[in-house]
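Heads up, the thing below is written out as structure tokens.
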Amino acid sequence: MSMVRSEFRKVTTTKVLLWLTIATIAFSALNVVLLVFLTPRAMDIDSDLNLLLDPAYVTNILGAAGSSSIFILILGIIGMTSEYRHMTITSTFLVTPKRPRVLIAKGITYALLGAALGLIAFITSFAVTLIALMTEDHAPVDAIIALQILGGVVLAFAIYAFVGVSVGALIRNQVAAIVGALVWVLIVEALLTVFVDWIGKWLPGGALNAVLQTTNVTGRGGADILPTATGVVVLLGYAVIFGILASLTTLRRDIT
Amino acid sequence: MSPRGEVLTVTSLTKRFGKVSAVLDLSFAVQPGRVTGFLGPNGSGKTTTLRCLLGLVQPTSGTAQVGGHDYRELPHPAAVVGATLEASGFHPGRTARGHLRVITDAAALPQARADEVLELVGLTEAAGRKVGGFSLGMRQRLALAAALVGDPGVLILDEPANGLDPEGIAWLRSFLRARAEEGRTVLVSSHVLSEVQQTVDDVIIISKGRLVQAGSLEELTGAGLTQVRVRTPQLEVLRAALLAEAGSGGVHVEVVSPVELMVSGLEAAEIGHLALRQQVELHELTPVGTDLEALFLELTADGNPGGAA
């Protein structure tokens, strides 16, 4: 427990968490605004098609909370790699020489932070949705679905932050880890999903969408998706497997 | 009551990085209650040895242990060993107090320890400032503060005098002395012997990853030469007298210039007395001390010059 407290102090005594929280809030709000005001209704005044009257579309707008997941992944990655970047890993391992314990403490800490950011992202998208829809005709906002989305985003962000920590432990170079994760999420996984259609749902992004209970509103829509519980297991599996791999390889390396 | 010092033992330690042997079959022990200087030129394997002792580097073979245990097996390492390794191990955006509280938290120590050790190293004023703006000397003090949070019985300090002003070095000296007198183990590395000469009781000298000399400073001084510079217009007369004296052994006379001699093996007073007896006029009689630095360079420069950088 003391180690988790130490990890919390590490992240709260620097600026990274603040910036990524701001990014999460801004991105969630922006996505809602785009989804509400860039609908066919808004683009073509004469159109009798109004997506806002479709309950599924309203659900999609609330689901924009999940769109900031990439910041959560980056938060986890930075949580681990900044220790190597600033060589604070030396004092971390001096206090806790049994290194996998550090990884576990970070996993727990960042999962909690991820959950908190999931809550913040949901509150943002929910509030902005309600405000943006005030002046519009729209399908009702279903409270049950809203709660489902809240649960999904909190759980998904919690696990995703843990994935980030494990990725950071595996790829100790901060820039390489972040660029690698972005390239994977935005390019490799999207391409794989397009060309090998059964594989997408098993990849980290696909599992993330299963936990978020949404097909990604920014793309990859319509791809088939795992049941939520399976998604949780698969996503958690990535975090644990990357963590174990790191414990057997990079985490063991000499600190020089 | 102060925490117990532990014996540090390095046994047949070898560490290879690829094909390069940073440390080769190195063995020595460091005793509590004394300040031990761990000396060698840059690149001689000091830091690697210390990192092996601290569980940061895995030895290729051999062991480096604290009180008979591997560092990684210590249940509460911060309370046993305090170490400073490099001044750069700080997050620049974190304050000095924040840096220390991260450590007190992880080591399950009371938060108040952070401010206590800041006061101990004279950084109280800078407690709330970000480390990014710290001078090298302030970083050294902060690193020392971090080493002290668990009030450990063993202190392992890598080049602690780097970046300290003369006042800071004097302070460090008396601080380490006091710790050793409390019975703690104090190991201080340096690449300059003269820097720690006044501080250490024991010395361990390594070169190219191998042990060159281990023992008390007196033993080393005995191996060295106490030198006295003598200037006289009657150089030959004095030199003859000195060489006559040399019959008793251990006296060495070197002619530096037609009017200057370097004498070793005799005290300045003895030379002065001899000169008076011979009625030799002296213009200078200066003990230049034990030339430990020259001895150190000689000890560590064996074999191919240059060595590992």
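The values are calculated or read from the model by the stated rules, or taken from the named source; none is laboratory data. All values reported here derive from a predicted model rather than from experimental measurement. Glycine also receives a Cβ, built like all others from the backbone with ideal geometry; neighbour counts cover every protein chain displayed. Heads up: the accessible areas ignore ligands, DNA and RNA and are worked out on the full protein's heavy atoms, side chains in. Shrake-Rupley method; radii C 1.70, N 1.55, O 1.52, S 1.80 Å.
One table, with the values for the structure above:
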{"read-out": "Test: B:P152 is more than 13 Å from chain A (Cβ to nearest Cβ), touching a strand residue (DSSP E or B) at 6+ places or on another chain (Cβ under 8 Å) and surrounded by 23 or more Cβ atoms within 10 Å (Cβ to Cβ)", "value": "no"}
{"read-out": "Residues located in segment B:71-86, provided they are outside any loop (DSSP other than H, G, I, E, B), open to solvent by 50 Å² or more (accessible area, probe 1.4 Å) and either at pLDDT below 95 or more than 7 Å from chain A (Cβ to nearest Cβ) (or both)", "value": "B:E73"}
{"read-out": "Residues of segment B:11-52 that turn out to be in contact (Cβ under 8 Å) with a residue 40 or more places away in the chain, open to solvent by 20 Å² or more (accessible area, probe 1.4 Å) and in a loop (DSSP other than H, G, I, E, B), as a count", "value": "7"}
{"read-out": "Residues satisfying the stated conditions in segment A:58-78, i.e. touching a residue at least 60 places away in the same chain (Cβ under 8 Å) and within 10 Å of the chain's Cα centre (by Cα)", "value": "A:A65, A:G66, A:S67, A:S69, A:I70, A:I72, A:L73, A:I74, A:L75, A:G76"}
{"read-out": "Residue selected from segment A:94-112 under the condition within 11 Å of chain B (Cβ to nearest Cβ) and closer than 23 Å to A:I72 by Cα, by the criterion most open to solvent (accessible area, probe 1.4 Å)", "value": "A:R101"}
{"read-out": "Selection within segment A:1-19 - within 15 Å of A:Y110 (Cα to Cα) and either more than 14 Å from chain B (Cβ to nearest Cβ) or among the aromatic types (F, W, Y) (or both)", "value": "A:F8"}
{"read-out": "Matching option when the condition is modelled with pLDDT under 95, crowded, with 20+ Cβ neighbours inside 10 Å and under 19 Å from A:T14 (Cα atoms), among A:S91, A:S67", "value": "A:S91"}
{"read-out": "From the options B:G55, B:G68, B:G98, B:G89, residue that is among the small types (G, A, S), crowded, with 17+ Cβ neighbours inside 10 Å, in contact (Cβ under 8 Å) with a residue 40 or more places away in the chain and in the same structural domain as B:S27 (by TED's automatic domain parsing)", "value": "B:G89"}
{"read-out": "Condition check for A:L75: modelled with pLDDT under 95, surrounded by 24 or more Cβ atoms within 10 Å (Cβ to Cβ) and touching a Phe, Trp or Tyr at 6+ places or on another chain (Cβ under 7 Å)", "value": "no"}
{"read-out": "Complete set of residues in segment A:241-256 that are away from every other protein chain (no Cβ under 14 Å) and loosely packed, with under 14 Cβ neighbours inside 10 Å", "value": "A:I241"}
{"read-out": "Residue check, B:Q65 of a type outside the set (G, A, S) and within 22 Å of B:A178 (Cα to Cα)", "value": "no"}
{"read-out": "Test: residue in segment B:105-120 that is hydrophobic (A, V, I, L, M, F, W, C), in a helix (DSSP H, G or I) and at the interface with chain A (Cβ under 9 Å from one of its Cβ atoms)", "value": "yes"}
